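For reference, the structure is listed below as structure tokens.
The values are calculated or read from the model by the stated rules, or taken from the named source; none is laboratory data. Predicted, not measured: the structure shown is a model, and the values here were computed from it. A quick note on method: Cβ atoms are made from the backbone with ideal geometry, for glycine too, and the neighbour counts reach across all protein chains shown. Ligands, DNA and RNA are stripped out before the accessible areas are found, and what is left, the full protein with its side chains, is counted by its heavy atoms. Shrake-Rupley method; radii C 1.70, N 1.55, O 1.52, S 1.80 Å.
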Amino acid sequence: MDFAFSTEDDQFRIEVRDWLKREIPKRWYELRPGESEESEEIWRLVREFDRQLAAKGWYAPLYPRDYGGMAATAMQAYILAEEKALLGAPAKLSEAIGVQFVGPTIMRYGNQEQKERYVKGIGHAEIIFCLGYSEPQAGSDLGAVQTRALEEEDSFVINGQKIFTTFAHYADYCWLLARSDPDVTKHKGLSLFVVDMKTPGITVRPLINILGSHSFNEVFFDNVRISRGSLVGEKNRGWEYLMTALTYERSVPSWPATMISILQELVRYVKETPTQNGVLADDPYVQQKLAEMATDVAVSRLLNLRIVDMESRGMIPTYEVSVAFVFGMEVARRFAKKAGEILGLYGQLAKGTRWTPLGGTVQTMWLETIAAGVGGGSAEIQRTIIAVLGLGLPRAT
């Protein structure tokens, strides 16, 4: 593996950094929203910034130019994601859902009409997708999905319920996993659909998250009739397509960069915070915690660069993505816990009070990491992938 950046990559990083410093709205830094925090103002800022990125081909950089991207290399896409996270650019999971999960899967398995309509719409930051995966009775086992898609003449009729559907109240379309054949084994009777969220029969109800924000929803499908053209790829091959989409989903290069940004703020804080014997940075306990956090983040970044390196050489990462995902998830939890210990009782204060250190970033991060072991596949599922595909062990029964 060679993680050295080329001269062209370094120049691209400078171009991206300069542009971001000019274009990130000051208001965004005043709000400092966490990943799961939502409001009309936050959403408006994110969507305006998405469209600015799309105008440069930077919203979906890996997409072909005809689809709104810049046909970037894997390393250029990584640099973009890293710089955006380092500078705290406006971003939401909506970008990853459309650009990283849905678009590549449609490009690989969808028909030309779907590519022209949906991939172009995503690449130009014109449409938003939500993920219709989780169900109340299925948990992380997507093979247990019960939402039905029954074929009737030239249509499919959808009935069922999805839960924890992020951005369903903003989304234009749902990337829906549904059971299209109930009479075969559970993994062979699933199909993927693109469902217009304005279709009659769809009801969206809010679920308030641990931060008191509305990002999750319940979505009910009551005799929702969609055309056959909504089916992605072939009927009953949804599980195969889903595995492709999940591989894209579990690669999260922005995690280490976000932690690097917080770590830099934390280092400034301990250097400037007085104690009885000097400043907080003089405390060996604080020094030890910061060193552990920096080491964790560096390893997490290397694991993500390993994936970029494989993609740059035309390889398709499988268990390597799960390794980076599980390690990054656990690092984020340890990072938030140690940062909270360094900040002491003040670190538990929510943003908006005069005594809250670092604008409440650490408190928000700690609350968000509680759910980090569920989204994108539980840690148990990730470890099974590592055991089976990485270590060659037999699948557990």
- Item | Whole-number percent relative contact order across the range 249-397, with pairs defined as alpha carbons under 8 Å at least 6 apart | 24
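When a/c is below 1.5 the answer is rounded, else prolate if a/b is larger than b/c, else oblate, so apply that to the range 1-141 with a ≥ b ≥ c taken from the square roots of the Cα gyration tensor eigenvalues.
It comes out oblate by the Cα gyration axes.
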- Item | Pairwise FRET efficiency - Phe5 versus Glu272, Cβ, R0 = 30 Å, nearest 0.05 | 0.40
- Message: Suppose only helical runs count, i.e. DSSP H with n ≥ 4. What mean residue ellipticity at 222 nm does that imply for the chain under -39500 (n - 2.57) per run, divided by all residues and rounded to the nearest 500 deg cm²/dmol?
- Response: -13000 deg cm²/dmol
- Query: What longest range of the chain stays clear of loop-exposed trypsin sites (Lys or Arg not before Pro) (DSSP non-H/G/I/E/B, at most 11 other C-beta within 10 angstrom)?
  - Reply: 1-197
- Message: Looking at the chain only, what percent of DSSP beta bridges run antiparallel? Nearest 5 please.
- Response: 85
- Residues whose modelled amide H sits under 5 Å from the amide H of Gly233, counting only those 5 or more places away in sequence or on another chain, are Asn111
- To the nearest 0.05, the calculated FRET efficiency linking Thr203 and Asn236 through their beta-carbon distance, R0 being 41 Å, is 0.90
- Message: Using the basic label-point model (7 angstrom from Cα toward the beta carbon), what is the Ile210 to Arg225 distance in nanometres?
- Response: 4.4
- Considering only DSSP states other than H, G, I, E and B, which chymotrypsin sites (Phe, Trp or Tyr not before Pro) in the range 323-392 qualify as loop sites with at most 13 other Cβ atoms within 10 Å? Trp355
- Message: Checking the table Lys56/Lys120; Lys198/Lys235; Lys120/Lys235; Lys120/Lys162; Lys289/Lys351; Lys56/Lys84 against a 20 Å threshold on Cα-Cα, which pairs fail?
- Response: Lys198/Lys235; Lys120/Lys235; Lys120/Lys162; Lys289/Lys351
- Task: Putting +1 on Lys and Arg Cβ atoms and -1 on Asp and Glu Cβ atoms, find which of Ile106, Ala71, Ala81 reaches farthest to the positive end of the dipole of the range 41-144.
- Result: Ala71
- Message: If amide hydrogens are placed 1.01 Å from N in the peptide plane, which non-local residues have theirs closer than 5 Å to the one on Ser134?
- Response: Ile163
- With contacts defined as alpha carbon pairs under 8 Å and 6 or more residues apart, what's the relative contact order of the range 130-269 in percent? 24
- Message: With the crude spin-label approximation of a point 7 Å out along Cα→Cβ, what separation in nm comes out for Ala294 versus Met243?
- Response: 4.2
- Task: Report, in debye and to the nearest 20, how large the dipole of the chain comes out about its Cα centre when Lys and Arg carry +1 and Asp and Glu carry -1 on their Cβ.
- Result: 320
- Summing Lys, Arg as +1 and Asp, Glu as -1, what charge do residues with Cβ under 11 Å from the Cβ of Glu240 carry, Glu240 excluded? +2
- Task: Leaving ligands, DNA and RNA out of it, report the carbon-plus-sulfur percent of the accessible area of the chain at a 1.4 Å probe.
- Result: 53
- Distance in nm between pseudo-label sites at Ala396 and Thr353 (7 Å out along the Cβ direction from Cα): 4.1
- Item | About the Cα centre, charge dipole magnitude for the range 167-277 (Lys/Arg +1, Asp/Glu -1 at Cβ), debye | 140
- Task: Set the Förster distance to 30 Å, then compute FRET efficiency between Tyr346 and Tyr29 from the Cβ-Cβ distance, nearest 0.05.
- Result: 0.90
- Among Pro25, Phe5, Ser36, the residue whose Cα sits farthest towards the positive end of the charge dipole of the range 1-42, when +1 is placed on the Cβ of each Lys and Arg and -1 on the Cβ of each Asp and Glu, is Pro25
- Item | Relative contact order, percent, the chain [alpha-carbon distance under 8 Å, six or more residues apart] | 14
